[in-house]
1. Around residue 110, what is the net charge, scoring Lys/Arg as +1 and Asp/Glu as -1 over all other residues with Cβ under 15 Å from its Cβ?
2. Would you please give the residues with an amide H less than 5 Å from that of residue 109, counting only those at least 5 places away or on a separate chain, with H modeled from the backbone geometry?
3. With an 8 Å cut-off on Cα pairs and a minimum separation of 6 or more residues, tell me the relative contact order of the stretch 73-192 in percent.
4. Provide the per-residue ³J(HN,Hα) series for the stretch 181-192, in order, calculated from phi with Karplus coefficients 6.51, -1.76, 1.60 and θ = phi - 60°, each as a whole number of Hz, with x at glycine and proline positions.
5. For residue 178 and residue 68 in the same chain, what is the full-extension length gain: residue separation times 0.36 nm, less their Cα-Cα distance, in nm?
6. On the full set of protein chains, 1.4 Å probe, figure out the accessible area of residue 17 and give it in Å² to the nearest 10.
7. Please list, ordered by chain and number, the residues whose modelled amide H lies under 5 Å from the amide H of residue 124; skip anything fewer than 5 residues away on the same chain.
8. In terms of solvent-accessible area of protein heavy atoms at a 1.4 angstrom probe, what is the ranking of 106, 84, highest value first?
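The values are calculated or read from the model by the stated rules, or taken from the named source; none is laboratory data. What you see is a predicted model; the values in this text were computed from it and never measured. Quick reminder, even Gly has a Cβ in these numbers, built from the backbone with ideal geometry, and neighbours come from all protein chains shown. SASA here: full protein model, heavy atoms, side chains in, ligands and nucleic acids out. Shrake-Rupley method; radii C 1.70, N 1.55, O 1.52, S 1.80 Å.
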Amino acid sequence: MIDTAIAAEDTPARVQLTRAAAAVDNASAREIGRATGSVAGNIALAVAPGAVLSKVSAMRSLRMARPRTIYDPPQIGWVKETVTSDKPWKTYNDTAVGSRPGQAPTLIRTMPDSSKRPVKFDGIQGDYVIDRKWKIVTAPRARSQILRQSEVLAQHRLIGVWEVPTPVQKIKALKLLKRMNVTNIKVRVVKP
């Protein structure tokens, strides 16, 4: 690099200007923008020394940034399912992705009094917990199940997915979730 600087001193100014003009002619827009920004930044730093202090304080705040919190993966348990039926809804629930025959995946919900209770689902797919619904109903028991599922999903920082057999059921499910202000359960159609 020193040799290049010494050689540049011996090169006439018109040759240096010709080389610079050729470099600008062959430069891309990105290279021109970078050079212009560099020159403008250097001028601004020379004119406004306060800018130097702001850059230093900005760099200091970067060092003090907190690392991202890493959460443990959810502990998904399996409980024996005792429901037996020959109806189509049972087959539909048992064929969910990530399901096991005769068992249901569960997440443990922590109650306000610090007791623990399991909440059942029908399957697991990656970070999503799946619950299949043959028919959407708005009975009090169904609404309390929605609240239980939403609460346990929030406690474990997960997203739930309801799988329904028809687009009509999907619309009903979306309306019900919106009415109950539940945002951590998504709905999709999965044909039986």
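1. Surrounding charge for residue 110 is +2.
2. Placed amide hydrogens put 117, 119 under 5 Å from residue 109.
3. 21 percent.
4. Each residue of the stretch 181-192 in turn: 6, 9, 10, 9, 10, 9, 10, 9, 8, 10, 5, x Hz.
5. 36.5 nm
6. 120
7. Hits under the 5 Å cutoff: 98, 99, 130.
8. Ranking 106, 84 by accessible area, largest first, yields 84, 106.
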